[in-house]
Amino acid sequence: MSILPQALSARLANWFTAPMLVSFLVFGTMPFWIDAVGLYQYLGVEVMIWVIFALAVNLLLGYTGLPSFGHGAFLGIGAYAYGLTQFNVAANLWISLLGAVVVTAALGGLVAALISHRRGIYFALMTIACAQIFYFVASKWTDMTGGEDGLLNILRLPVDLGLTEFSIKSNFNLYYLCFAAYVIIVVLMWRLVHSPFGQIIRAIKQNDSRVAFLGYNVWLYKWLIFTLSCAISGLAGALFAMAQEGAYINIMSLQWSGIVILMVLIGGGFINFWGPVLGVIFYFLARDILGAYTDTWLLWFGLIFVIMVMFKPEGLAGIWHDAQSMFGRRKAKPQPDPSAKPSHAGGD
Amino acid sequence: MALFEAHHLHKRFADQVVLEDITLSFEVNQISGIMGPNGAGKTTCFNVLTGRYRPDRGKVLFDGQDITGLPPRKIARHGIARSFQMMNLFDEYTALENIVLALPEVRAKGFSVLHDLAHDGSAQDRGAAVLARIGLAGREHTLSSALSYGQRRALEIGIALAAEPRMLFLDEPTSGLGTDATATLAALIQEIRKSVTIVIIEHDMKFLFDLADRIAVIHWGQVIAQGSPEALGENEWVRASNLGALA
Ligand SMILES: Nc1ncnc2c1ncn2[C@@H]1O[C@H](COP(=O)(O)OP(=O)(O)OP(=O)(O)O)[C@@H](O)[C@H]1O
Ligand SMILES: [Mg+2]
């Protein structure tokens with residue numbers, strides 16, 4: 001028995017799904033139980049930020065098939081832009097966030113304009129080259145970025161909601177700002193990838209030349225999705241600057257660009273919308289749990305990645321899909337062919 | 001004036017001249033055939049006509065407009081669709097999703113993020129109608145990669161049809177098809193010819209000679225002969241390749 005009229009519930013289903021609500025529930029309550037399970041509040045903040053970043057990367061990698069191997073640059077640009085807006089424009093959270101997103105989107109759009117006619121390995125190489133340029137500029141332009149020292153003393157400005165205002169000085173409160181960003185990003189991104197636009201970028205991943213022969217402007221779609229992904233990365237970067245109370249060049253390095261790709265792949269971003277979320281959680285749990293036993297945890301993490309690629313290239317989401325079908329929980333869709341694999345980010 | 005005209009097309013790859021000097025014209029609502037040996041330049045000719053390659057020289061006119069060297073998406077938007085010799089589907093999509101993406105009404109909604117194709121009754125119905133037309137009713141929700149070879153070939157053409165083109169280029173549509181599937185395809189082409197101008201590259205001479213109003217033979221990057229199927233039956237090359245007998 002449904003309380004909602006059918007039309008309304010259909011509309012809501014366009015925007016929200018069960019796994020999405022589960023993730024809101026789990027992440028929304030996390031600060032209240034994270035200490036109890038032996039972890040700590042700051043970890044939650046990191047997870048939220050990297051989840052947002054990984055989702056942005058997966059818009060390119062998993063959905064459009066565009067390997068952006070230098071995306072850490074945009075995380076860093078967002079962090080610097082947040083700090084610089086705060087110092088030079090206005091010490092206001094919203095204005096600084098806007099500054100971070102706009103600057104990152106603008107530079108991302110510029111890069112996208114240079115590389116959107118490329119594909120595959122050439123595209124990947126161009127993203128790496130551009131990331132190296134940004135890294136170089138950030139490391140040398142000490143007046144702006146503080147160079148190797150970083151941009152210090154970035155403030156966690158109060159969250160001004162008009163009627164009320166709250167401080168994010170504590171990690172507990174900062175977490176909820178990040179969580180709010182997560183909710184907004186997830187809802188909008190879900191809608192995006194399930195719109196005709198999303199259908200078209202997934203088609204570009206599969207066969208970009210056929211998409212062009214259907215009359216679509218492939219270049220423009222690639223440009224838009226790359227720029228959007230950079231804008232979201234810029235938001236994540238701003239949150240990262242708040243978390244670290246500074247912006248450091250380290251995150252612009254190719255190492256971090258590589259790690260976020262690992263997160264997306266381990267999670268299963270190619271087959272599921274939630275893959276990057278799983279991947280990020282897996283990464284940070286591995287870091288903190290394996291890391292408690294050994295300094296060489298990244299080696300073990302790398303090994304897990306290799307084994308995953310060998311035996312379950314669809315990642316954690318792939319294991320989840322298998323488990324679901326094993327326990328017969330997957331609703332029998334009108335899918336006559338059992339060998340048929342689920343297409344990207346199957347509806348759930 | 002013909003609906004589609006190509007004048008003196010020349011195309012080379014590095015120092016290999018593939019199209020020497022091709023002049024062709026296709027009359028409205030006719031079926032035109034193109035034949036010729038392997039490597040003659042037939043597919044390259046289609047690629048130049050539909051925008052994949054820009055010709056080094058020559059002119060392409062559609063409905064009186066100069067479309068020479070336009071990119072594929074612009075040519076598609078003139079109402080020109082094509083199928084491919086090599087299968088060119090969206091393998092992670094179902095048959096219906098493959099078709100729906102090609103619908104002009106969906107193309108018009110390409111940037112609308114509030115829309116949801118899965119709940120778009122009109123697009124779904126139109127897509128299903130195209131599938132029914134190409135004999136894939138009931139296969140809507142099968143992944144295209146899970147379809148049989150013949151069904152994939154049909155879908156390849158379905159995608160081109162879904163674009164509701166005025167002009168349709170088919171590159172070896174019967175290749176790999178059995179007798180039954182070929183006959184079904186011939187019937188489909190007979191049906192759509194009322195509304196679309198069609199050009200078919202084909203090695204299956206019986207198929208082509210039965211359908212086409214005019215046929216051009218391409219060899220060494222040139223049109224070495226053209227005319228009605230009857231007239232071409234007399235042609236030396238056609239006879240030499242032992243195909244004229246079928247006409
Ligand atoms: N992109 C390309 N780069 C270089 N050479 C090409 C390219 N495309 C086609 N060719 C060459 O052009 C020639 C003609 O090829 P094309 O595919 O047009 O022949 P075809 O008449 O369609 O043959 P088939 O009947 O086998 O399909 C071949 O020698 C081929 O190798
Ligand atoms: Mg060919």
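Laid out as a table, the results:
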read-out	value
Accessible surface, segment A:38-252, averaged per residue in Å² (probe 1.4 Å)	35
Solvent-accessible heavy-atom area per residue, rounded to whole Å², over chain B at 1.4 Å	42
Computed Kirkwood radius, in angstrom, where 1/r is averaged over Cα pairs of the protein assembly as shown	26.7
Positions from segment B:78-102 whose accessible area shrinks by 10 Å² or more when the full protein complex is built, not the chain alone, probe 1.4 Å	B:82, B:84, B:88, B:89, B:90, B:92, B:93, B:97, B:101, B:102
Amide H partners (placed H, <5 Å) of residue B:94, local residues excluded	B:144
Å² of accessible area per residue within segment A:254-328, as computed with a 1.4 Å probe and no ligands counted	50
Column: log10 I(q)/I(0), Debye, Cα scatterers of segment A:43-97, q = 0.24, 0.26, 0.31 Å⁻¹	-0.95, -0.99, -1.09
P(r) weight above 28 Å for chain A, C-alpha pairs, percent	44
Percent antiparallel among DSSP beta bridges (both partners in the protein assembly as shown, rounded to 5)	60
B/A buried area, accessible surface, summed, 1.4 Å probe, Å²	3200
Binned Cα-Cα distances of segment B:90-151, short to long, each 5 Å bin given as a whole percent	4, 19, 29, 25, 14, 7, 2, 0
Rg over Rh, two decimals, segment A:113-272 (C-alpha only, Kirkwood Rh)	1.02
Dipole moment magnitude, nearest 20 debye, segment B:46-195 about Cα centre, only Lys, Arg, Asp, Glu C-beta charged	580
Solvent-accessible ranking of A:213, A:327, B:4, largest area first, probe 1.4 Å	A:327, A:213, B:4
Apportionment of accessible area to carbon and sulfur, segment A:254-328, percent (1.4 Å)	77
Cα-based equivalent ellipsoid, segment B:95-247: semi-axes from gyration tensor eigenvalues, Å	35, 16, 12
Magnitude of the charge dipole, segment B:90-151, Cβ model with Lys/Arg +1 and Asp/Glu -1, debye to 20	200
Cα centroid separation, segment A:208-275 to segment B:80-134 (Å)	27
Accessible surface of segment B:42-139 [probe 1.4 Å, protein heavy atoms]: carbon and sulfur percent	49
Label-to-label distance, nm, for residues given as residue A:209 and residue B:8 (7 Å Cα→Cβ offset)	2.9
Relative contact order (%) - criterion: Cα under 8 Å, at least six apart; region: segment A:210-294	13
Furthest towards positive pole of dipole, A:85, A:106, A:63, structure part segment A:12-162, Cβ charges	A:63
Residue with peak Gaussian network fluctuation, chain B [Cα springs, cutoff 10 Å], from B:13, B:26, B:169	B:13
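The values are calculated or read from the model by the stated rules, or taken from the named source; none is laboratory data. This structure is a prediction, so every number in the text was calculated from the model and none was measured. For neighbour counting, all protein chains shown are included, and Cβ atoms are generated from backbone atoms with ideal geometry for every residue, glycine included. The accessibility values were calculated without ligands, DNA or RNA, using every heavy atom of the protein model including side chains. Shrake-Rupley method; radii C 1.70, N 1.55, O 1.52, S 1.80 Å.
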